[in-house]
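Read the structure below first, then the notes.
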Amino acid sequence: MGLFVKNQKIEGLNSYGKPKLPPGQYKTEKFPVLTYGPTQKITKEEWKFRVWGLVGEEREWTWKEFMKLPQSKFQADFHCVTHWSRFDSVWEGVFFRDFVKEIRPRLEAKYVLQHAYGGYTTNLPLTWMIEEDVMFVHTVDGKPLEPDHGGPMRVITPKRYAWKGAKWIRGLEFLAKDKPGFWEVNGYSNTADPWKEERFW
Ligand SMILES: Nc1nc2c(c(=O)[nH]1)N[C@H]1C(S)=C(S)[C@@H](COP(=O)(O)O)O[C@H]1N2
Ligand SMILES: [Mo]
């Protein structure tokens, strides 16, 4: 299988068996910056990560503590709803599925709202957060994540459009009912599947 985008032939399937380039997307070699509002300048020393809501106990991690969690590295593509896709970045950090073992969500917890420094939020069902590829990322392509890209720490959700991963992540709120985040209340799809082109509502 193959298709041509701006004279580039995009071959094949991604690691989930879906076309590597989702419909309506084009491949870019760049890593564009897409932020609503100003870039947040947070040092690792001031960065704190907090979990609250429907969890066994509310907790907070410093940078040093977070770095002691299981660290992983994998390759994944990144799809922005504004039609660009960046292929094959190497992401390093802590998978949510590893992190969640630290916090024991309560049985009633069905949704997770990501909160970022600066006020950005985005929501996903807990079962989607637990999927194998949702990661807290601090390093990309071997370099510490730049502040423009959400450094020191962001979330990525490779199976969803990239707005489902908050840059400058500062905490997670566990909820019984879904609570739409910043873009989700401003016209973006709640489910954000790039292969179904779930862009806007
Ligand atoms: N805190 C925060 N996170 C955010 C955003 C934002 O504006 N603020 N934009 C989202 C969108 S729409 C995209 S496409 C990606 C962009 O990440 P990048 O700037 O590293 O390319 O971050 C997502 N996470
Ligand atoms: Mo985006």
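A short reminder: the numbers here are calculations on the coordinates, not readings from a lab. Since we're looking at a predicted model, the values are computed, not measured. Don't worry about glycine lacking a Cβ; one is built from the backbone with ideal geometry, like all the others, and counts go over all protein chains shown.
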First in the stretch 24-46 and more than 12 Å from ligand 1 (Cβ to nearest atom), second anywhere and charged (D, E, K, R), Cβ under 7 Å, 6 or more apart: GLY24/GLU197; TYR26/LYS6
Go through the residues of the stretch 139-146 one by one and say whether even a single one is within 16 Å of ligand 2 (Cβ to nearest atom) and either crowded, with 23+ Cβ neighbours inside 10 Å or farther than 13 Å from PHE78 by Cβ (or both). no
Criterion (under 28 Å from LYS73 (Cβ atoms) and assigned to a loop (DSSP other than H, G, I, E, B)) met by exactly one of PRO158, PRO180: PRO158
One residue is enough: does the stretch 124-147 have a residue meeting the conditions in contact (Cβ under 8 Å) with a residue 60 or more places away in the chain and either part of a helix (DSSP H, G or I) or more than 17 Å from the chain's Cα centre (by Cα) (or both)? yes
Residues in the stretch 81-93: is at least one more than 17 Å from PRO152 (Cα to Cα), touching a residue at least 24 places away in the same chain (Cβ under 8 Å), of a type in the set (A, V, I, L, M, F, W, C) and away from ligand 1 (no atom under 16 Å from the Cβ)? no
It is to be established whether one or more residues within the stretch 57-75 are within 19 Å of the chain's Cα centre (by Cα), surrounded by fewer than 17 Cβ atoms within 10 Å (Cβ to Cβ), touching a residue at least 40 places away in the same chain (Cβ under 8 Å) and within 14 Å of ligand 2 (Cβ to nearest atom). no
